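The values are calculated or read from the model by the stated rules, or taken from the named source; none is laboratory data. This structure is a prediction, so every number in the text was calculated from the model and none was measured. Here the Cβ is made from the backbone with ideal geometry for all residues, glycine too, and neighbour counts use every protein chain on show. These accessible areas exclude ligands, DNA and RNA; they are computed on the full protein's heavy atoms, side chains included. Shrake-Rupley method; radii C 1.70, N 1.55, O 1.52, S 1.80 Å.
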Amino acid sequence: MILIVAEYANGKLSKSAAEMVTAARGAAVNGPVTILVLGSGVAAIAAEAARLAEQVLVLDTPALAQYSPETWAAAVAFVAAEGEAKLILIGGSRSGREYSPRVAVKLNAALLEDVIQLRQEGAVIRAQRYTYLARVTETVEANAPQIVVTVKPGIFAAAQPSAESAEQFDVDVELPQPRVQVTGKTKSQTARISLVEADTIVSGGRGVGSAEGFATLVEGLADKLGAAVGATRAVVDAGWRPYAEQVGQTGKTVQPKLYIAVGISGAVQHLSGMNKAGTIVAINRDADAPIFQVADYGIVGDVQQIVPAMIELIAKPD
Amino acid sequence: MKILVYVRQVPDAEASIAIANGAVSLAAAKLVLDTMDEYGLEQALRFRDAGAPAEIIVAAVGPARNEEALRSALAMGADRAIHVESEQPLDAIALSSVVVELARKEEATLIFCGGRQADWDSDALGAAVAERLGWPQLTWTNHLELGGGQLAGRHDVDDGNESFTVALPAVITTQQGLNDPRYATLPNIMKAKKKELRKEQIASFQVKSKVKTVAAEMQTRTRLRKILQAKDDPRAAAAQLVELLRTEAKVIA
């Protein structure tokens, strides 16, 4: 079988689950596409998953109320071993990429990270992934009885749910005690669409001048476009924006249809997080800023004057 | 205590990389100690500066040129270095066996490595090392304090950040924002030349990657680069841009 570990947030299955279903079907590996739902009180998630896969495995226990890499890895590795999964697909989120190596080690499996393409070719699984701060695309091959794969979000089309629901099975796994004590949590709250799921992203850098400038210009334009909001490392470090909005090497990697960079100079670490966007628009005072090298459209000028004019000119989405 | 800091030698962020014979060529690139790894080394040095009785060992695995990265780490203040010479490309899972063997031999109780180094764009090494050792891991830390055999700190998670405490031993991955790594001073660069740099051979570790790279190509996407000048009329430029996005790129309504 092909095992997909469901990702979810706020009581809903994440788009990444449907994307992984597409990746799994396209891989041309024999066996039923199976979604594993881990957590506590996840019946609704499992019901959603049942419309995407051939079967759903559910491990619903209070012990999984909080994500921890050790418990997640133990659960996934156990199910993958029992089910003799050839491929184990895990979301390319921060959490997915931190527990997937543990799964690979437990199973003595190969690990393919953050893939953008996946296919069986004879005896091997061939995949593509970005390296060198996303400046290079490498084709890699894994040859092992079991292969753990993290799937880059936003690359594969999301599979459409079917009218019928697949059968669900409860599983039972002995879980380790997490050894890290979580003493506090700051959750980033936003009413907007999430960065990795958005078709349009408006991002801001130091050039917006201040936290207030960011709100007026970047959030103002994003609201007009129904877009997600992104930020550079500098803006997050300055405390103007939460970390969850950071795009780049140490933040999120995004691939929207439209990326509008407001007051962003374009450090290579930032570019690595967004240089695959469909259309890139840059607005910056400095004509020599590297962002203009990767932009399809742009304006050299003062963001404080240009962006408000754009906000006025763009019709609000219905 | 002993702290093991795993480091990689990577192209400088601005360095030019090229493709030759279907693989990345670094022949023309300026290579440096990855800044991602410097944060871990700096943190170890700060623990020692604050009074922790720590010996700090840096380790690298790779071709001869890695010695330069190790010398940079010694010049920052690490006590000694281990260079496992290898011409063989190793993925994170295979490499983790090497790091684990070094950690066991050295009896390290704290291991640092960069969250995602700038060459292989991999997040996996720290977690794989932790799994093999049966230790907990904390990834993407941006604040750390050491006291009473325990680490307290903060790290980034999917939807925000988390404060934590964990008893040692543990594996920690680092990122920008954790600290400002120090520059090596000239006297320290001189001193680093005399510090121990032990060589080992990869053959003695008997590791093999289950993953191999079969092709590589540069990501060069041609961009239109239609850049307008706002000059004295930012409103007109904004209008022109909105029009282009609407009618030519067709990306907005």
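Conditions tested, residue by residue: (1) more than 25 Å from B:ALA118 (Cα to Cα); (2) touching a residue at least 60 places away in the same chain (Cβ under 8 Å); (3) more than 9 Å from chain B (Cβ to nearest Cβ); (4) of a type in the set (Gly, Ala, Ser).
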| residue | (1), (2), (3), (4) |
| --- | --- |
| A:TYR243 | no, no, no, no |
| A:GLY248 | no, no, yes, yes |
| A:LYS252 | no, no, yes, no |
| A:LYS276 | no, yes, no, no |
| A:VAL300 | yes, no, no, no |
| A:ALA309 | yes, no, no, yes |
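All conditions in (1) open to solvent by 10 Å² or more (accessible area, probe 1.4 Å); (2) under 15 Å from B:ARG8 (Cα atoms) hold for B:GLN176, with the sole exception of (2).
The condition of being surrounded by 15 or more Cβ atoms within 10 Å (Cβ to Cβ) and modelled with pLDDT of 90 or more holds for only one of A:GLU174, A:GLU219, A:GLU197, A:GLU212, that being A:GLU219.
For the range B:4-20, a residue qualifies if it is under 14 Å from B:GLU38 (Cα atoms) and more than 10 Å from chain A (Cβ to nearest Cβ), and the qualifying residues are B:LEU4, B:VAL5, B:TYR6, B:VAL7, B:ARG8, B:GLN9.
Considered as a group, the residues in the range B:154-169 that are farther than 16 Å from A:VAL236 by Cβ and more than 8 Å from chain A (Cβ to nearest Cβ) include one that is surrounded by the most Cβ atoms within 10 Å (Cβ to Cβ), and that residue is B:PRO169. Among residues of the range B:136-153 being closer than 25 Å to B:ALA118 by Cα, in a strand (DSSP E or B) and within 8 Å of chain A (Cβ to nearest Cβ), the one that is modelled with the lowest pLDDT is B:TRP140. With respect to the conditions (1) polar (S, T, N, Q); (2) open to solvent by 50 Å² or more (accessible area, probe 1.4 Å); (3) within 30 Å of B:HIS155 (Cβ to Cβ); (4) in a strand (DSSP E or B), A:GLN168 falls short on a single one, namely (3). Among the residues of the range B:201-228, those identified as of a type in the set (S, T, N, Q), within 23 Å of A:PRO290 (Cα to Cα) and either more than 8 Å from chain A (Cβ to nearest Cβ) or touching a Gly at 6+ places or on another chain (Cβ under 7 Å) (or both) are B:THR220, B:THR222.
In a residue-by-residue description of the range A:235-250, the property of being buried (at least 19 other Cβ atoms within 10 Å of the Cβ), under 19 Å from the mean Cα position of the chain (by Cα) and assigned to a strand (DSSP E or B) applies to at least one position. Considering A:VAL29, A:VAL56, the condition of being part of a loop (DSSP other than H, G, I, E, B) and β-branched (Val, Ile, Thr) is satisfied by A:VAL29 alone.
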